[in-house]
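Bear in mind that the values in this text are calculations on the coordinates, not laboratory data. Predicted model, so just to flag it, every value in this text is computed and none were measured. Reconstructed Cβ throughout: ideal geometry from the backbone, glycine too, with neighbour counts over all protein chains shown.
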Amino acid sequence: MENNKILHSMSAIFTSPDDIMKAAKEIVKAGYTKFDIHTPYPVHGMDGAMKLKRSPLGYFAFALGAVGAMLALLLMWSTMVESYPNNIGGKPLFPLPAFIPVTFEVTVLLASVATVVSMIVIFFRFPNNSHPLHDTPYMKKVSSDKYGAVIESDDPNFDFDNVKEFFTGLGAETVEPIYFDNDELNVKHNIFEPKFITGLTIIAITVSALTYFTLNKLIFMEPFNWMMTQQKLSAQSPSNFFKDGFSMREPVSGTVAKNNMPYLYSDSVDLAEQVMVNPLDVDDKNLNVGKVKYNTYCSPCHDYNGNGQARLNGQFPNPPSLHTDKVRNWKDGRIFHIITVGQNTMPAYAQQLSDEERWQIITYIRALQRAMNATEEDMK
Amino acid sequence: MSNAQDLILYEKKAIPSKIPLIGLALLAIGGGLAGYGFSTDSIRASYSLIIVFMTLFSVGFGALFLVALEYIVNADWSVPFRRITEILAGVLFIVPLVAIPLLINLDEIFTWLNPELVNADKYVKGKTPYLNESFFMIRNIAIFVIMIIFYFLLAGRSFKQDVTKNPKSRKTSAKLSAIFMPLFAISITVVAMDWLMSLEPKWFSTIFGVYYFAGSVLATLSVLTFVVISLKDNGYLSKYINEDHYYNLGGLMFAFTNFWAYIAFSQFLLIWYANIPDETLWYVDRGDGGWFIMSIALIFIRFGIPYLALVTRPSKSNPFRLKIISVWVFLAHIFDLYWVIMPEYTKRTGAEGPVFGLTELSVPLLIVGVLMLVIGLMSKNKNLMTVGDPKFKSSLEFHL
Amino acid sequence: MSIELTHEPSVIEGRPALKTIDASIIKPMNNLPDKRFWAAMGLTLTMLGIGALALGMSFYRGLGLWGVNNPVGWGFAIINFVFWVGIGHAGTLISAILFLFRQKWRTGIARFAEGMTIFAVMTAGIFPLIHVGRPWLAGYLFPYPNQHSLWVNFTSPLLWDVFAVSTYFTVSFVFWYIGLIPDFATMRDRLANSTMVEKVKKTVYSVLSLGWRFSNRHWSHYEMMYLVLAGFATPLVLSVHTIVSFDFAVSIMPGWHTTIFPPYFVAGAVFSGFAMVQNALIIIRKVYDLEYIITLDTLEKMNKIIILTGLMVGYAYGMEFFIAWYSGHEVESFAFVNRAFGPYAWAYWIMVSCNVIAPQFFWIKKLRTNIPFMFIIAVLVNVGMWFERFVITVTSLSRDYLPSSWAYYVPTIYDIGILIGSFGWFFTLLLIFTRTMPVVSIAEVKAVVDGSQPTHHGLEHHSEEGH
């Protein structure tokens, strides 16, 4: 035993698969339990020779797969039935045939990945790069082209010389003891190690810089800016495309907006009076609509009966009465003109009233005028 | 060579004559029941007879397929059983005989033979160039002839090889097998479409041939497994056949169970999802009333239970378990065909739902009877193992 | 023990020493690459650059740059996606399915094929990502908890694809990595601790190997795990392309809605995948002097699988065509007549000649053992399979139920650029792989070299050994 080194095991190198098979069987026969065989690739029948139990990983895989299936079905049930049920194509809320593919995939995913992770973590106890066998001449040979056996020193039957003889007797090419590596054994990891701190700092700076850049700069740059700027023209915005710099264009000359015939006599009330004629019949419908519209739009200034003493009295200049002879003698066209373009303080009502409505109001005004100056005959 | 020449690999022992005799007895009973069925409700009996016909076709077809497959992939492990598979292929000779009683009610079962029903539906009428009596007969006879030719080319050569021990025979058989495969694919598709899919002439499915193929391989494998294990246990085959050989049979049964489920599910999912009445009618017929339970049962009987029974490694190699599972798988195949065929009877005659009576009991009896008879007769004077095959010895040395 | 006539050609030719195997497989990782490598990289990086440019433009200006429009709303993106996913399947088939069937000839090619699978799936995954137009917002596609109870549609095959392809990638990656662990350990142990480069390499390999010690107690679990993974990967690979086929088959489009799509797509995937593997392997084995491991016999066996799957694809074509007539639906029948004689007839006949006719040459032994010839046929198969996806996708969409909606789809330069880029991406990754990792599985090859396993004592002792 070398000074200060603790013995881990005795190792032996063999040169053929038949030799290592025999060695394994002999080791078992001799009663050793804490031993291991190392080969560069799995050798057929070695499990039997070492009397190893069948690996239980198959059962792990089955169980984990079942868990996967249940998780998948639970996910789909909870989203598609419980949380936000939707009628999709008339299929039932829990369409089992349609859920099979996802269930199957999750089953396989969990069964494979979780079993592998279990194998690595539980059965191998990996990662582990500080096992005594690492970095030994034994390991170098065994990972390439030789076959090895080790018997560990804490086996109850272990004796340094006996084991050496035993291995030599089996025809081993080399027999060598393996010691624990003191450097690896007594390592105390200091959390303030310079390399670790430097690494952490670099990561911190990089992540911060990336985050700052992404959230403050990148998402305002094209094309990451949620389509904030678009090629299309928006109203009221300047444009480089058109010579006059406006985005909005005037209507094509000679056209009118739909349902909007222009008023031809806005300059001349006399022409309006001459040309425009009330096209409507004096019937209940027109009178009723006229009445409603008059009461809405005209009554605030002209009052309900047309005499101009309206509820805006005092706040707004009173219009003259509609029942003066002057007004009664005006033709319908003149009144139409006045409603359309306004007169003095009266604003234009062309926006609020369609042509037909204006004629209907005029019909109603005529009725009002007649009412205010009723003759004997009207009373009948 | 080595001192292995002293080893007795196989001792020829004829299958006892009680096997074909029991087969004959079962045939008689089954035939009696079928006859009774014909006299009471001949249409129902005819539909049942199609189950018998298609099951036997499965076994015969599947057997030829397995023989050809072994030659193509140059497999070792299946050589000890190939003779049994070849014997099973002999079922193909019996199959046309089963078809003869079907001629009685052919136009009741195949509604496309009935001019009234054909003219009533424009889709069925459009199929007349394919679904007419003469073309139907011609192509089915042609398929039968081709299969028999390949029986002699593949199985016949193997029988001769026992005597001639000609090693080149394997190579020629491999080439013939390669030619056989495309012909097999077309034939099994046509048979499936003609005898199963056309029972409902309005319906169609491109995967149907594959569906029947998957089921047929399972049928053959299950019969093969059962027969091989039974024969070996009683000393008719080499004592060197071991659990590693069985593991492959079990593994194939497992694989094809999964494959069948995959094909069946694909067909169902696509038709269910698109929900087109022209296609869903077939599944609607199998989803109404009593048939719904049968459909759910099919999933467990043909997939769920065999899957669980065969998933572990020991199950696939243990001879006792394999025998039981084989019986289950074979009965499951018959049940599958029952599920494909009988709803048409329910539809045609307005019956209540699935029917299980003496007529239906005749089905497994007839099938097993024919199989036992075939095994007994076709194995007469033959070696039960392919002693002349150059791989014979190495195949017995096979291990995982 | 066996008679000469049953003698299978050795999986690995000659009877190389185990150390020789180590050396020849690890060599490319230790030497600087030669001119041929840089020339190849130059080509693949150029292709990648073209793709990157086309992609960048597509992101900046929007997907209007692509050719998809009404009625052909699915174009190059899905065609390329299905194509690349299919290529990946050969790898899993070789590693997993051939392992389950105990075909020893897979050992020389399994590692490379698995690598190809991973890169192919990575390439395929690009397309669903980019076809959303703004892939940096792709997180919204995942079922994250939210106040609106907005969830993904689990009944949609496009979502099944997400699960299928990501599971496939994960499991393939795990399978590949597990296979690499012993090889990383071997490479770790070949390095001394002298130079800086060696120290870094050794650290990297130590980390990647997780501390593998070649203990048989570990091999025992490892072998079981490998079997389980192979057992799961097999149905997985079938399910992935099946689910991809569901994208089309669950619809009611004529030419898409046929029940045979799942196995047809799977067979087609294996078909095209093997052709791509064939092409790559022919070059690799020559350039890296691995002809004694990737033997001519292996290549011939792959060609046999190519005929087999090609015939399956041909069977599916026939069935579709027959049932299209048999069903009596005019639109369905028209769809197939249109494929052969309509505006895309040129694509259809390329597909048929490459997929159905070209592989038939492999019936002749002389041709299937001739390397230049098989290389050409494999290229044709790849072309044919790409066109098959094109024909399926585009012909059905361009002419479906309403003649007034018919239109002719033309890909734009950006579509084509991205396709070229996908090849560049795939082959760049593959080239890097060949020089940074062992392209052949060292441990598996050692296990099948003649003389590597203990000799059995034949039938006399069979019952004693209790197998």
When all Cα-Cα pair distances of chain C are considered, the percent exceeding 44 Å is 18 percent
Cα-Cα pairs in segment A:7-185 separated by more than 21 Å, as a whole percent of all pairs, come to 63 percent
Using alpha carbon centers only, segment C:26-94 is separated from segment A:267-339 by a whole-angstrom value of 78 Å
Note: B:71-80 gets an average of partner chain Cβ contacts (10 Å, Cβ to Cβ) equal to 2
Ranked output for segments C:178-190, A:209-221, B:312-324, B:251-263 by mean other Cβ atoms within 10 Å, highest leading, reads C:178-190, B:251-263, B:312-324, A:209-221
FRET efficiency (residue A:81, residue A:117; Cβ distance; R0 22 Å; to 0.05) is 0.10
Final fewest-first order of C:74, C:219 on the 10 Å Cβ neighbour count is C:74, C:219
Using the Kirkwood formula on alpha carbons, the hydrodynamic radius of the protein assembly as shown in angstrom works out to 36.5 Å
The size of the Cβ-based charge dipole (Lys, Arg +1; Asp, Glu -1) of segment B:14-393 about the Cα centre, to the nearest 20 debye, is 1780 debye
Karplus-derived 3J(HN,Hα) from phi for segment C:237-248 (6.51 cos²θ - 1.76 cosθ + 1.60, θ = phi - 60°), whole Hz, x at Gly and Pro, runs 5, 5, 5, 4, 6, 5, 5, 4, 5, 4, 3, 8
Taking B:338-344, A:74-80, B:109-115 and ranking on average Cβ neighbours within 10 Å, highest first, one gets B:338-344, B:109-115, A:74-80
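Can you put A:50, A:139 in order, fewest other beta carbons within 10 Å first?
Details: A:50 19, A:139 22.
With the sparsest Cβ surroundings first, the list reads A:50, A:139.
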For segment A:269-379, whose charge dipole is built from +1 on Lys and Arg Cβ atoms and -1 on Asp and Glu Cβ atoms, the candidate among A:290, A:320, A:335 with its Cα farthest towards the positive end is A:320
In whole angstrom, the spacing between the Cα centers of segment B:217-278 and segment B:352-400 equals 14 Å
Spelling it out for residue A:35: with amide H atoms placed in the peptide plane at 1.01 Å from N, the residues 5 or more places away or on another chain with amide H under 5 Å from its amide H are A:152
Residues meeting the amide H criterion for residue C:259 (H placed from the backbone, H to H distance under 5 Å, 5 or more places apart or on another chain) are B:206, B:207
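Exactly which chymotrypsin sites (Phe, Trp or Tyr not before Pro) in segment A:237-287 are in a DSSP loop and have at most 12 other Cβ atoms within 10 Å? Numbers along the way, then the final one.
Working: sites: A:241, A:242, A:246, A:263, A:265; in loops: A:241, A:242, A:263, A:265.
Qualifying residues, ordered by number: A:241, A:242.
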Expressed in angstrom and rounded, the centroid-to-centroid distance over alpha carbons for segment C:212-242 and segment C:118-156 is 29 Å
Output field shielding_mean for A:42-51 (other chain Cβ, 10 Å radius) holds 5
Farthest towards the positive end of the dipole of chain B, among B:307, B:376, B:42 and with Cβ unit charges of +1 on Lys and Arg and -1 on Asp and Glu, lies the Cα of B:376
Within 10 Å of the Cβ of an average residue in C:314-327, the count of other chain Cβ atoms is 5
With the charge dipole of chain A built from beta-carbon charges (+1 for Lys and Arg, -1 for Asp and Glu) about the Cα centre, the Cα from A:131, A:203, A:42 projecting farthest to the positive end belongs to A:203
The answer for trypsin sites (Lys or Arg not before Pro) in segment A:1-54 that fall in a DSSP coil and have at most 11 neighbouring Cβ atoms within 10 Å is A:51, A:53
Sequence order, segment B:376-381: Karplus ³J(HN,Hα) from phi using 6.51 cos²θ - 1.76 cosθ + 1.60, θ = phi - 60°, Hz rounded, Gly and Pro as x, gives x, 6, 6, 8, 4, 6
The size of the Cβ-based charge dipole (Lys, Arg +1; Asp, Glu -1) of the protein assembly as shown about the Cα centre, to the nearest 20 debye, is 1900 debye
A student applying the Cα gyration tensor rule (rounded when a/c is under 1.5; otherwise prolate if a/b is larger than b/c, oblate if not) would label chain B prolate
Under the Karplus relation with 6.51, -1.76 and 1.60 and θ = phi - 60°, whole-Hz ³J(HN,Hα) for segment A:201-212, x at Gly and Pro, equal 4, 4, 4, 4, 5, 4, 4, 4, 4, 4, 5, 4
quick note, the protein assembly as shown, DSSP beta bridge pairs, % antiparallel (nearest 5) is 95 percent
Sorted by chain and number, the residues with a modelled amide H under 5 Å from that of residue A:14, at a separation of 5 or more or across chains, are A:147, A:148, A:149, A:173
Residue-normalised 222 nm signal for the protein assembly as shown, counting each DSSP H run of n ≥ 4 as -39,500 (n - 2.57), nearest 500 deg cm²/dmol, is -19500 deg cm²/dmol
For residue C:19, counting only aspartates and glutamates whose alpha-carbon sits under 16 Å away and dropping same-chain residues fewer than eight positions off, the answer is A:145, C:183, C:189, C:289, C:444, C:450
